[in-house]
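Written out below as structure tokens is the structure these notes cover.
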Amino acid sequence: MSNHTNTQKHAAKQVNTQYLSAERVAEIIQKKGIAACLSGVASYIQQDFLRWNDFDKSARVANHSHDGVIELMPISDETTYAFKYVNGHPNNHRYNLPTVMAFGVLADVATGIPELLSELTLTTAIRTAATSAVAARALARPNSKTMALIGNGAQSEFQALGFHYLLGIDMFHLYDIDPAATDKLVANLTRMGLKCKRFNSTREAVKGCDIITTVTADKTNATIITQDMIEPGMHINGVGGDCPGKTELHGDVLKNGKVFCEFEPQSRIEGDMQQMPADFEVTELWQVLKGSAEGRTSDAQVTVFDSVGFALEDYSALRFMRDVALELNMGESMSLIPVMSNPKNLFGFIAGANATTATMNSVDVLDSVKIAELV
């Protein structure tokens with residue numbers, strides 16, 4: 001076999017993009033198990049945060065409208081580029097659509113070839129819960145057993161399961177302004193064997209808890225948690241405040257706690273700390289994981305993880321899903337990039353793809369047009 005033919009076959013193999021649909025990802029999660037997926041994604045996130053400086057990082061690019069936001073979240077190291085397309089539209093329930101929908105790509109830095117195209121709606125829910133758990137393992141009291149879940153929508157089950165499987169939380173206090181959302185969460189958690197109790201207000205739900213997780217969806221400067229609700233030693237996992245003009249924690253909660261975030265330039269714009277002055281002290285989570293900065297320093301200290309979601313977490317989650325799909329032999333493939341023996345003859349692909357490429361190389365412009373008209 002000639003070297004030229006070998007090169008063609010290698011190129012053809014490279015452009016065969018792996019594809020993971022929402023249905024296939026759900027099958028993978030069912031087959032692998034939700035606990036193993038949460039643990040696996042958390043492990044990948046921890047590994048990638050420990051090599052923080054290997055990545056070319058930037059805040060996400062956001063296009064805001066009256067109804068919501070659409071964002072692109074890019075990141076890369078020397079070998080792999082990733083991005084996520086994600087939206088946030090709190091009123092999507094009017095159309096029977098999720099508030100958050102996403103897909104993502106892994107690509108080869110050396111060639112630009114997209115190697116994986118995957119849904120990220122389900123996967124984002126897992127990676128968000130996994131990130132919360134990674135942060136809480138570093139910041140919450142080690143003996144934490146009770147968590148309040150304020151906001152019982154689409155993300156809430158994943159948060160509960162993440163904290164149950166990865167931190168050993170065994171009781172969940174639930175509150176949402178929509179009783180139907182709490183009905184749904186109670187049914188799902190009970191079916192999964194988790195203990196939970198519903199409350200009539202945020203104040204009642206958070207009382208006596210070791211950890212508070214807020215995961216509300218309204219695109220407003222809401223004040224879900226106030227300083228008078230906070231007890232010594234609590235860890236606050238603020239997930240829902242994740243874009244300009246959208247907050248959940250009163251400024252005094254941040255002032256009186258020790259605050260941690262993912263990527264500071266993004267978090268100052270999008271997180272609850274958008275309320276705070278530019279010199280407000282905050283520590284990036286990777287520094288705690290790496291041991292270059294202190295996390296919690298006493299059992300009485302209040303810690304706050306001001307989470308907005310960062311592209312590195314999606315990079316980690318995409319890698320995990322790709323690897324598990326290959327492990328379980330559950331991947332699909334798609335022809336996303338045209339395969340040509342002569343990559344300079346893109347027009348020839350329209351007129352008959354590879355079979356006519358050699359002919360197209362020798363015909364004149366008139367013949368090319370005639371062939372194209374036959375397609």
> If you stretched the chain out fully between K207 and S333, how much longer would it get, using 0.36 nm times the residue separation minus the C-alpha to C-alpha distance?
Replying inline: 40.3 nm
> How high is the relative contact order of segment 141-309, in percent, counting Cα pairs under 8 Å that sit 6 or more residues apart?
Replying inline: 21 percent
>> Below 8 Å between Cα atoms, with a sequence gap of 6+, how large is the relative contact order for the chain in percent?
In response: 18 percent
> If one computes the Cα centroid of segment 28-46 and of segment 48-66, what distance in Å separates the two points?
Replying inline: 22 Å
>> Let's see if you can work this out: charge +1 on each Lys and Arg Cβ, -1 on each Asp and Glu Cβ, no other charges. What is the dipole magnitude of segment 141-309 about its Cα centre, in debye to the nearest 20?
In response: 540 debye
> Roughly how compact is segment 141-309, stated as its Cα Rg over 2.2 N^0.38 Å to two decimals?
Replying inline: 0.98
> For segment 79-216, what is the relative contact order in percent, using Cα pairs closer than 8 Å and at least 6 residues apart in sequence?
Replying inline: 21 percent
> Gain in length, D67 to T121, computed as 0.36 nm per residue apart minus the alpha-carbon separation, to one decimal in nm?
Replying inline: 17.5 nm
> Taking every DSSP beta bridge that has both residues in the chain, what percent is antiparallel when rounded to the nearest 5?
Replying inline: 50 percent
>> Restricting to DSSP H runs of at least four residues, report the calculated mean residue ellipticity at 222 nm for the chain, -39500 (n - 2.57) per run over all residues, nearest 500 deg cm²/dmol.
In response: -11000 deg cm²/dmol
>> Largest first, please: the extent of the C-alpha atoms of the chain along each principal axis, to the nearest Å.
In response: 79, 43, 41
> Given C-alpha coordinates of segment 104-230, what is the ratio Rg to Rh with the Kirkwood estimate of Rh?
Replying inline: 1.06
>> Please list, ordered by chain and number, the residues whose modelled amide H lies under 5 Å from the amide H of I212; skip anything fewer than 5 residues away on the same chain.
In response: A148, H235, I236, N237
>> Explain nothing, just the number: dipole magnitude of the chain about its Cα centre with +1 on each Lys and Arg Cβ and -1 on each Asp and Glu Cβ, in debye rounded to the nearest 20.
In response: 760 debye
> Going through segment 133-184, which trypsin sites (Lys or Arg not before Pro) have at most 16 other Cβ atoms within 10 Å and a DSSP loop state?
Replying inline: K145
> Can you give the alpha-carbon Rg of segment 189-289 over 2.2 N^0.38 Å, where N counts its residues?
Replying inline: 1.13
> With Cβ to Cβ distances under 10 Å as the rule, what net charge do the other residues near K184 carry (K, R +1; D, E -1)?
Replying inline: -4
> What is the order of I337, I34, I75, fewest Cβ neighbours within 10 Å to most?
Replying inline: I337, I34, I75
> If the cut-off is a Cα-Cα distance under 24 Å, which lysines reach K290, setting aside same-chain residues fewer than 8 apart in sequence?
Replying inline: K57, K258
> How many angstrom lie between the C-alpha centres of segment 212-262 and segment 308-349?
Replying inline: 37 Å
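Readers should treat all values here as calculations from the given coordinates under stated rules, not as data from a laboratory. Owing to the predicted nature of the structure, the values given are computational and were not obtained by experimental measurement. Here the Cβ is made from the backbone with ideal geometry for all residues, glycine too, and neighbour counts use every protein chain on show.
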